[in-house]
1. With a Förster radius of 22 Å, plug the Cβ-Cβ distance of B:Ala129 and A:Ile282 into 1/(1 + (r/R0)^6) and report the FRET value to the nearest 0.05.
2. Please list the non-local residues whose amide H lies under 5 Å from the amide H of A:Gly224, H modeled 1.01 Å from N, same-chain partners needing a gap of 5 or more.
3. What is the extension gain from B:Glu23 to B:Gln250, computed as 0.36 nm multiplied by their sequence separation minus the C-alpha to C-alpha distance, in nm to one decimal?
4. Can you list, shortest first in nanometers, how far B:Arg218 lies from the same residue in the other copies, with each label 7 Å from Cα toward Cβ?
5. Any idea what the B:Ser284 label distances to the other copies are, label 7 Å down the Cα→Cβ vector, nm, shortest first?
6. Determine, for the protein assembly as shown, the count of lysine pairs separated by eight or more sequence positions (or lying on different chains) whose alpha-carbon distance falls under 22 Å.
7. Given C-alpha coordinates of chain B, what is the ratio Rg to Rh with the Kirkwood estimate of Rh?
8. Which distances, in nm and shortest first, link the A:Thr36 label point to the same label point in every other copy, taking 7 Å along Cα→Cβ?
Protein chains: 2
Amino acid sequence: MLPRVEVQPIRIAACQVSLRVGEIEQNRATAADAVTQAAGRGAKIVVLPELTPSGYIFRDAAEARSLSEPPDGPTAAQWQDLAARHDIVIVGGFSELGTDGLLYNSAMLVDPSGVRAVYRKAHLWDAEADFFTPGSEPPPVVKTSYGAVSMVICYDVEFPEWIRLPALAGAELLAVPTNWPAEPVPQGERSILTANVQVQAFANRMFIAAACRCGAERGVEWTGGSVIAGHDGYPLAGPASTTGSPGVAQPELLVADCDLNLARSKATGPRNDAHADRRPSIYS
Amino acid sequence: MLPRVEVQPIRIAACQVSLRVGEIEQNRATAADAVTQAAGRGAKIVVLPELTPSGYIFRDAAEARSLSEPPDGPTAAQWQDLAARHDIVIVGGFSELGTDGLLYNSAMLVDPSGVRAVYRKAHLWDAEADFFTPGSEPPPVVKTSYGAVSMVICYDVEFPEWIRLPALAGAELLAVPTNWPAEPVPQGERSILTANVQVQAFANRMFIAAACRCGAERGVEWTGGSVIAGHDGYPLAGPASTTGSPGVAQPELLVADCDLNLARSKATGPRNDAHADRRPSIYS
């Protein structure tokens, strides 16, 4: 483990990019471009979307399998190379071929030393269940050089009980690679998916960086609406352009300077604490 | 129990009113005016703020006690009279003098037949702990003529684990009497307290009506920002005027027509369900 860099704030990036299912080399290049651009702007932790190399809308299980790779595969090698070159941390989603032969909708955290952790999405959306096995391990909290970082994927973030686990385990930043399918957003409203990210940050006094996709894939438009929320729940960057509110999501690079030390205290007032005030004994 | 009126939508009101600590008769009159106005606009369920008759910023425990009353006290009598006159349901907060001699920050649900349920706030904010004993009973779900209604109070709604309980128990509408002390809201942003109400609705596919106060009381400004959120999380009415974003909260009556039947299904897609997709076995 590399020593923690105590100088805060550190710059965090969320990359809203356009990817295409099946175009794995092009998608890797798109991700590398986004990461390089983020590093050029000084970002030290960079978040990419869900299923970045593979794309999302698989035709069938065989296609999903053909676009999967182990956590020591070429995507990990590319991200480690980028992480080492820029001295950064990268979190992004990929279609994982497990050593058990099963596929998982996973995310990995990579730093200059390599893959530090892999997380398998625990709450599967729609047709994902046809391709992927849900994970059951809690989101890992990785002590990186820049702070304690955890990760969940897309639909996971709609389950506040799940978000509590990394928050209670000390995550200062939660990275959320996501592919939110676009849904109607009432005029003048922010997407509730973006607002949900904010509120999970607020509830846990931790930073959250959610990176979504844009563009269309086999008839599915993506929401966009990527956001970096501060520990008070308000956006420090974004929301990025969002499909339907109005217009269409576009590629965007969000960067925000985050003092992750602020996430170490859960105090919300002289006598209140977002975590200590919980009463688990009466919650079931 | 009165028979359920199956005709939906029904009109719901949230009353953002100005109250003053200690002026119990004036506060009751303010509440009665707001309820009468809401009923005149066709509302069938009317939500009032936290600690409506008493006010909030007590000087000391003796003052809090002097402004408390049992759940069969004069406020209940007044609300029952209003409920019977207009054939409505009222939910509002009051300072409860328990039969055990203790004080509780409570809310009651009143219909034409009288007090149907009392709920005691389980998560106390700041100096409340000097005056009130926290409740430990889950929010009751009351089958009213107009739908299944539950209630929590103010800070309670920041604990999603707590909100799950009435949602899982079948609440179609959650009433949230609140007194949110004003906090800075970044320019162009919606108060995170309001957004939190929306997201709790979204997470549980249920309607939530939050009624806050406005005005100042012994140096504390109230947020306002009352809202009636639909089962998709988007506001059906409000947010009401909010202190600091910019300006100051004002008295407002929010009304929205809500098809509470929509809250009976938690389906979010052909293969997803906001409640059935939970995985409690891995949440601890």
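Bear in mind that the values in this text are calculations on the coordinates, not laboratory data. Quantities reported herein were computed from a predicted structural model and do not represent experimental measurements. A quick note on method: Cβ atoms are made from the backbone with ideal geometry, for glycine too, and the neighbour counts reach across all protein chains shown.
1. 0.85
2. A:Trp180, A:Arg213, A:Thr243
3. Between B:Glu23 and B:Gln250, full extension yields 79.8 nm more.
4. Shortest to longest, the spacings are 6.2 nm.
5. Going from nearest to farthest copy, the values are 0.3 nm.
6. Count of close lysine pairs: 8.
7. Result: Rg/Rh = 0.95.
8. 7.3
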